[in-house]
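Heads up: the structure comes next, in structure tokens.
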Amino acid sequence: MQIAKNTIVTIHYEMFDVDNNLLDKTDEPISYLHGGYDGIFPLVEEALEGKNVGESVDVKLTSDDAFGDPEEELIRVEDLEVFPADVEVGMVFEADDPETGELLLFRVTDIADGKAVVDANHPLAGQSIRFSAKVVEVRAASADEVSHGHAHGEHGHHH
């Protein structure tokens, strides 16, 4: 079966930076609903269209096509008093966005002078990446998957 709209696509992927350093890879395959449901980067989805099991794609993505550019309003400087005593660079904390109420994940990026710099931008925001994927499985999506807008099952979303 070829990848087309309303198919569930299961892939293994690797992501590399512009210097070809490995940034991320799957240990277990992931599945997404193909056809514009925002389950994968649009340019990767476009490259996968019409592919079959065993075929691969290699797509270069600018920051706009991947994780976007960093947003200054998602970087904050906070007093260390609001953090646990053992706070260190790299730790991640949840906080509500006061404007939208959306839950954001803030990474501690710096600690100095009684302050911590926290950043809710994706760690790869502002970076171009290369996304390499191999198709492991393609199947027709169920009516539930289409109505929910995502893959269910072993490598997809669980309710």
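Set side by side, the residues 104, 61 differ, and just one is surrounded by 11 or more Cβ atoms within 10 Å (Cβ to Cβ) and within 30 Å of residue 141 (Cβ to Cβ), which is 61.
On inspection, residue 48 qualifies as surrounded by 10 or more Cβ atoms within 10 Å (Cβ to Cβ) and under 22 Å from residue 17 (Cα atoms).
Search the stretch 99-111 for residues that are under 17 Å from residue 71 (Cβ atoms) and without any contact (Cβ under 8 Å) to a residue 24 or more places away in the chain and pair each with any residue that is surrounded by 15 or more Cβ atoms within 10 Å (Cβ to Cβ) and among the aromatic types (Phe, Trp, Tyr) when their beta-carbon atoms are under 9 Å apart and the residues are at least 6 apart or on different chains. Listed pairs, sorted by first residue: 105/93; 107/93. Would you please name the residue that is least open to solvent (accessible area, probe 1.4 Å), looking only at residues in the stretch 4-35 that are among the polar types (S, T, N, Q), over 14 Å from the mean Cα position of the chain (by Cα) and over 17 Å from residue 148 (Cα atoms)? My answer is 10. Selection of the stretch 76-93 for residues being more than 13 Å from residue 115 (Cα to Cα), among the aliphatic types (A, V, I, L, M) and open to solvent by 60 Å² or more (accessible area, probe 1.4 Å) yields only 92.
Within the stretch 109-139, work out how many residues are open to solvent by less than 90 Å² (accessible area, probe 1.4 Å) and either polar (S, T, N, Q) or more than 30 Å from residue 12 (Cα to Cα) (or both). Number satisfying all stated conditions: 13.
Based on what the data block shows, is residue 4 among the small types (Gly, Ala, Ser) and under 15 Å from residue 132 (Cβ atoms)? Taking the combined requirement at face value, the residue does not satisfy it. Residue pairs whose Cβ atoms lie under 6 Å apart, separated by 6 or more positions or on different chains, with the first residue in the stretch 4-27 and free of Cβ contacts under 8 Å to residues at least 12 places away in the same chain and of a type outside the set (Lys, Arg) and the second open to solvent by less than 20 Å² (accessible area, probe 1.4 Å) and part of a loop (DSSP other than H, G, I, E, B), do not occur.
Looking at this structure, is residue 42 crowded, with 16+ Cβ neighbours inside 10 Å and either within 16 Å of the chain's Cα centre (by Cα) or of a type in the set (D, E, K, R) (or both)? When the stated conditions are applied, residue 42 does not pass them. If you check 154, 145, which single one turns out to be within 14 Å of residue 34 (Cα to Cα) and among the charged types (D, E, K, R)? Exactly one residue qualifies, and that residue is 145.
The values are calculated or read from the model by the stated rules, or taken from the named source; none is laboratory data. Only a predicted model underlies this, so the values are computations on that prediction, with no experimental measurement involved. Positions of Cβ are backbone-derived with ideal geometry, glycine not excepted, and every protein chain shown enters the neighbour counts. Heavy atoms of the whole protein, side chains included, go into the accessibility calculation; ligands, DNA and RNA do not. Shrake-Rupley method; radii C 1.70, N 1.55, O 1.52, S 1.80 Å.
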